[in-house]
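Asker: Would you mind keeping the following structure in view while I ask a few things?
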Amino acid sequence: MNKQTTSQTGTKVQQQTKKYLNYINGEWVASVSGKFSKNVNPATGECLGEVPQSTKEDVDLAVLAAKKAQKSWRIVPAPERAEILYEVGRLLKEKKEELSQILTSEMGKVIAEARGEVQEAIDMAYYMAGEGRRLFGDTVPSELRNKFAMSVRVPVGIAGLITPWNFPIAIASWKSLPALVAGNAVVWKPASETPFLAAEFVKIYEEAGLPKGLLNLVFGSGGVVGNAIVEHPDIDIVSFTGSNEIGRQINERAGGMLKRTSLEMGGKNAVTVLEDANLDLAVDGIIWSAFGTAGQRCTACSRVIVHEAVKEELERKLLERVSKLKIGNGLDESVDVGPVINKASLKRIDNYVKIGVKEGAKLLCGGEILSGGEYDQGHYYAPTLFTDVTSDMTIAQEEIFGPVTSIIPVKSLEEAIEVNNSVEFGLSSSIFSQDVNRVFQAMRDLDTGIVYVNAGTTGAEIHLPFGGTKGTGNGHRDSGVAALDVFTEWRSVYVDYSGTLQRAQIDNK
Ligand code: NAP
């Protein structure tokens, strides 16, 4: 696809923009709709290219291919499947910079963070490749003589993956790699905002030698393609990461069909700063967690719960640091905070800020859509700090998903824990303190799936389970060995080598 632009010398030049197709049964194919949607850079408003607007029929074709391919994949020895994952890891490493540039261009996060995200996919590839030689089950003693008992993992079948735009390759790696190493086939719908990186990731699987039909990529809207995945009778498990609103709908629809769903949803994460904390360290943790990825992380620090004895000092230090943040196009290495994903997001964030002011929170800085110069081409929001926020305010309860954080003063650790746990989400929390006794109390009582001590709310490592309690999830976890539980069934196997019919204890006593 070409578009005409004017060069610096004023001549008209034809510039190439990209066009990707769906990947079904090992072929790059157009959607049966023949229609395409645009992929836009949130920093500049530039159209990067197009991807198909697929339909239910495209999903049907992808599922058909997946079913056929999975029949033989499930009996390929797992260490042999893993060989392909090692190659995926190697290729990701080789193409790290290229992938990071694409990530920043279509999603907006600053380039250093994009590199970190691609690294996460590399780590996950090697980690899950290792699982090809483990996939541990249990062997246990039988109750009876001459009888052997064990449990083994078997693949679930066809996995439908639905992923968000904020971590377009990390989250796709958390889901596709364990699904494939465990012997499943995959149909993947990436977020509409970040299609190119999805296509590049699939190209890597293709180059690594993944047999055709095992990984199918279908671009298109959540309402059409996502829905078709959720409702397809031959998709056995739906692994979704995204908003609570959509996750809840998926759970209801897929649950009605008795499908397994693994849901990773929103967060309202808090950093707690006690009076004995190293305040400079706490400030580092808060700035990174609240404003990294322009606050668009499920683990973003959206609340700062601070002991009243150090509140003023913390506010002063935070304000000083926020004033130094450079906001702009994430491809510029000197930029700290990139744009938010789109105009709707910008408006939603601004609306939350207005609600905060109306409900009586004190705005310390930010609180505006940035304009003028390069800001007019993209979607930029000023890093925003509120203080004197109370736990019942809207901005202290709802996920904002932008560069906004709220300082909530408290009088004790017990009150801090109560405030931390007062939201409907339970993804990540953090505590800054030098007191080992209070730290252990917090580790016990903070009701979140991830707890950090003397670090911000972000920074998960791929070999630990990732996910949350309460409204954040439905009990499953991405990454770590726990991810294998999502994509496998347990099979208990009993082998009786006594030569007689031995009745089990249950039928004997
Ligand atoms: P979203 O709007 O829920 O979208 C997530 C995915 O679901 C996208 O691929 C979307 O497709 C698709 N979708 C939309 N409507 C659908 C439907 N009716 N049926 C099936 N699929 C549908 O979320 P988002 O805005 O992309 O992501 C931000 C959210 O993700 C935040 O709440 C964040 O906290 C959460 N998140 C959670 C985690 C975690 O691990 N807990 C990690 C990252 C992000 P389209 O793109 O085409 O709309």
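Asker: Non-local amide H neighbours of S429 (under 5 Å, H modeled in plane, Pro and chain starts lacking H): which ones?
Answerer: Result for S429 returns I450, V451, Y452.
Asker: Cα to Cα, under 16 Å, and not fewer than 8 places away if on the same chain: which aspartates and glutamates meet these conditions relative to K18?
Answerer: K18 reaches E46, E50, E98, E106, E193, E200.
Asker: Excluding A254 itself, calculate the net charge of residues whose Cβ lies under 12 Å from the Cβ of A254, where each Lys or Arg counts +1 and each Asp or Glu counts -1.
Answerer: With Lys, Arg at +1 and Asp, Glu at -1, the neighbours total +1.
Asker: Something else about it: If amide hydrogens are placed 1.01 Å from N in the peptide plane, which non-local residues have theirs closer than 5 Å to the one on L364?
Answerer: L385, F386, T387
Asker: Taking K317 as the anchor, which aspartates and glutamates have their alpha carbon closer than 14 Å to its alpha carbon, excluding any fewer than eight residues away along the same chain?
Answerer: The qualifying aspartates and glutamates are D280, D284.
Asker: If you plug each phi of region 100-117 into the Karplus form 6.51 cos²θ - 1.76 cosθ + 1.60 with θ = phi - 60°, what whole-Hz ³J(HN,Hα) values come out, in order, with x for Gly and Pro?
Answerer: Residue by residue, region 100-117 yields 5, 5, 5, 4, 5, 5, 9, 10, x, 5, 5, 4, 5, 5, 4, 4, x, 5 Hz.
Asker: Oh, and also: As an exercise, use a Förster radius of 56 Å and the Cβ-Cβ distance of K354 and T500 to find the FRET efficiency, rounded to the nearest 0.05.
Answerer: 0.10
Asker: Another question, then. Quick one: if the Förster radius is 30 Å, what FRET efficiency do D234 and T139 give, using the C-beta to C-beta distance and rounding to 0.05?
Answerer: Working from the Cβ atoms, E equals 0.35.
Asker: Taking the Cα centre of each part, how many Å lie between region 315-363 and region 217-240?
Answerer: Taking the Cα centre of each part, region 315-363 and region 217-240 sit 34 Å apart.
Asker: So how far apart, in nm, are the two label points at E80 and S334 if each is 7 Å from Cα heading toward Cβ?
Answerer: About 5.6 nm, to one decimal.
Asker: Could you run the Karplus curve 6.51 cos²θ - 1.76 cosθ + 1.60 with θ = phi - 60° over region 496-502 and give me ³J(HN,Hα) per residue in whole Hz, x for Gly and Pro?
Answerer: Per residue, the Karplus-derived 3J(HN,Hα) values read 9, 10, 8, x, 10, 7, 8 Hz.
Asker: I need the phi-derived Karplus couplings for region 423-433: 6.51 cos²θ - 1.76 cosθ + 1.60, θ = phi - 60°, integer Hz, Gly and Pro marked x.
Answerer: After applying 6.51 cos²θ - 1.76 cosθ + 1.60, I find 9, 6, 9, x, 8, 9, 8, 8, 9, 10, 6 Hz.
Asker: Too long at a 24 Å Cα-Cα cut-off: which of K109/K362; K326/K347; K38/K347; K56/K212?
Answerer: Violating the 24 Å limit, Cα to Cα: K109/K362.
Asker: How large is the Kirkwood hydrodynamic radius of region 269-453, counting all unique pairs of alpha carbons, in Å?
Answerer: Across region 269-453, the inverse of the average 1/r is 16.4 Å.
Asker: Enumerate by residue number the GluC sites (Glu not before Pro) in region 301-357 meeting two conditions: DSSP loop (anything except H, G, I, E, B), and at most 11 other Cβ atoms within 10 Å of the site's Cβ.
Answerer: For GluC sites (Glu not before Pro) across region 301-357 that sit outside H, G, I, E and B with at most 11 neighbouring Cβ atoms in 10 Å, the list reads E333.
Asker: In whole angstrom, how far apart do the alpha carbon centroids of region 35-80 and region 171-197 sit?
Answerer: Cα centres, region 35-80 to region 171-197: 9 Å.
Asker: Follow-up question, since we're still on this one. Decide, for region 7-119, between rounded, prolate and oblate: order the square roots of the alpha carbon gyration tensor eigenvalues as a ≥ b ≥ c, take rounded if a/c falls under 1.5, and otherwise choose prolate if a/b is larger than b/c, else oblate.
Answerer: oblate
Asker: Once amide H atoms are built 1.01 Å from N in the peptide plane, which residues 5 or more positions from Q53, or in another chain, come under 5 Å H to H?
Answerer: Residues meeting the amide H criterion: K35, F36, S37.
Asker: Now a separate question. Taking region 419-509, which GluC sites (Glu not before Pro) meet the DSSP loop condition and have no more than 16 other C-beta atoms within 10 Å?
Answerer: Passing sites in region 419-509 are E424, E461.
Asker: Would you mind classifying the chain by shape? Square roots of the alpha carbon gyration tensor eigenvalues, ordered a ≥ b ≥ c; an a/c under 1.5 is rounded, otherwise it is prolate if a/b is larger than b/c and oblate if not.
Answerer: It comes out oblate by the Cα gyration axes.
Asker: Testing the spin-label approximation: label points 7 Å from Cα along Cα→Cβ at S221 and R248. State their distance in nm.
Answerer: So the two model labels end up 2.2 nm from each other.
Asker: What's the ranking of 78-85, 189-196, 394-401 by average number of surrounding C-beta atoms within 10 Å, highest first?
Answerer: Packing proxy ranking, top to bottom: 189-196, 394-401, 78-85.
Asker: A follow-up question, please. Would you mind checking the pairs K71/K175; K268/K324; K96/K175 and listing those with alpha carbons more than 23 angstrom apart?
Answerer: K268/K324
All of the numbers you see were taken from the coordinates with simple rules; none came from a lab. Since the model is a prediction, treat every value here as computed from it, not as a measurement. All Cβ positions, even for glycine, are placed from backbone atoms using ideal geometry, and neighbour counts span all protein chains on display.
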